[in-house]
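Everything below concerns the one structure shown next.
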Amino acid sequence: MDSFWLRNREGLPITDWEGWVRPKEDYQWKRGRSAMELARAWFPKGKLACPAELDSLLQSSPRTAGYQLTIGQPEFVTQLPERGEGRNHDLWLQGHCPAGNLTICIEAKADEPFGNLIYEEIARARKRKATTRLPARVEALLQLLFGHPCNPLEKPWSHLRYQLITALAGTVIQAAHDGSTTAVFVVHEFLSGALDSERLRQNDVDLNAVLAFRVPGCDAIKASNFVGPIHIAGCRDLPCSVDLLVGKVQARLPSNSA
């Protein structure tokens, strides 16, 4: 890790967890919530280090074993097709391994949900602006991920979580921009007794619902395991093919963290 460093939005090194790039919403920056706990996880003893649970996951796959991280940035934005906000990764990481260049995007969670269903997100956008381009954006992201036209206003696509679609597509798009042959999307869960167990269960259901369309027989993603690689073919919005790994890791917080 000696040659690896994290930077802030100004490109300056982050040397402790308190220097972490703050999330959009202030309420997310407190003990027991995902943004602050992710920052603390990367400085476990006051020094930058890959969290043990993430390291174990990365070493478990031949596509990522022997990885070396080079640079990363919290709250990193990847531009998406069509107008609108980009995908905001909780943490973007770039590195390499014997299998090739590597891009890793982390989504940190306590019991925060994966946001609205696609049809709900489109309905909200249309309330703000009748001529919204959000349906076109979602259609482009779905086609990128699943390899065929998908109507975002029809089931089953309309009932997938919009945040998960932007997260997965944003990870793949960023990998292509980075020149990485492998893209890794990881949900990093921070668990404590104060969390809502039903929300945690729903997050698993939502993630599995997306993966089931690309990985037949995948009925449940397990902590500390990868699903994939899933081959995402190059298309109009993806300049080259990328192989996607999807994983989940968990960290249990001490009782005084909540």
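A short reminder: the numbers here are calculations on the coordinates, not readings from a lab. A quick note: this is a predicted structure, and the numbers were derived from the prediction, not measured. Cβ atoms come from the backbone with ideal geometry, glycine included; neighbour counts cover every protein chain shown.
So what's the projected area for the range 105-147, the Cα convex hull averaged over all directions, in nm²?
4.2 nm²
What list of whole percents do you get for P(r) of the chain, with Cα-Cα distances grouped in 10 Å bins up to the one holding the largest distance?
Calculated over all Cα pairs of the chain, the distribution is 7, 31, 38, 21, 3, 0 percent.
For the range 170-225, what are the per-bin percents of Cα-Cα distances with bins 10 Å wide, up to the bin holding the maximum?
Final binned percentages: 19, 40, 31, 9, 0.
Local charge sum around His159 (other residues, Cβ-Cβ under 13 Å, Lys/Arg +1, Asp/Glu -1)?
Taking every other residue near His159 into account, the sum is -2.
Ranking request for peptides 24-31, 67-74: highest mean number of other beta-carbon atoms within 10 Å first, then the rest in descending order.
Ranked by mean Cβ neighbours within 10 Å, highest first: 67-74, 24-31.
Local charge sum around Glu53 (other residues, Cβ-Cβ under 11 Å, Lys/Arg +1, Asp/Glu -1)?
Taking every Cβ under 11 Å from that of Glu53, the sum is 0.
Can you put Lys45, Lys109 in order of Cβ neighbours within 10 angstrom, beginning with the fewest?
Lys45, Lys109
Please tell me which of these pairs span more than 26 angstrom C-alpha to C-alpha: Lys127/Lys222; Lys45/Lys222; Lys30/Lys155; Lys24/Lys127; Lys24/Lys248?
Table pairs above 26 Å Cα-Cα are Lys127/Lys222; Lys45/Lys222; Lys30/Lys155.
Lys and Arg at +1, Asp and Glu at -1: add these up for the other residues within a Cβ distance under 15 Å of Ala99 and post the number. Intermediate values should be presented prior to the final figure.
Working: positive: Arg63; negative: Asp178, Asp243.
Net local charge, Ala99 excluded: -1.
Given an 8 Å cut-off on Cα distances and at least 6 residues of separation, report the relative contact order of the chain as a percent.
After rounding, I find 19 percent.
Please report how far the C-alpha centroid of the range 1-35 lies from that of the range 144-165, rounded to the nearest whole angstrom.
32 Å
Quick check for me: using +1 on Lys/Arg Cβ and -1 on Asp/Glu Cβ, what's the dipole size of the range 49-95 about its Cα centre, in debye to the nearest 20?
That gives a dipole near 180 debye.
Between Gly193, Gly11, Gly170, find the one with the highest GNM mean-square fluctuation for the chain; connect C-alpha pairs within less than 10 Å.
Gly11
If you average the alpha carbon positions of the range 59-84 and of the range 188-246, how far apart do those two centres end up, in angstrom?
A separation of 15 Å, based on Cα centres.
Order 81-93, 126-138 from most to least packed using the mean count of other Cβ atoms within 10 Å.
In decreasing order of mean packing, 81-93, 126-138 become 81-93, 126-138.
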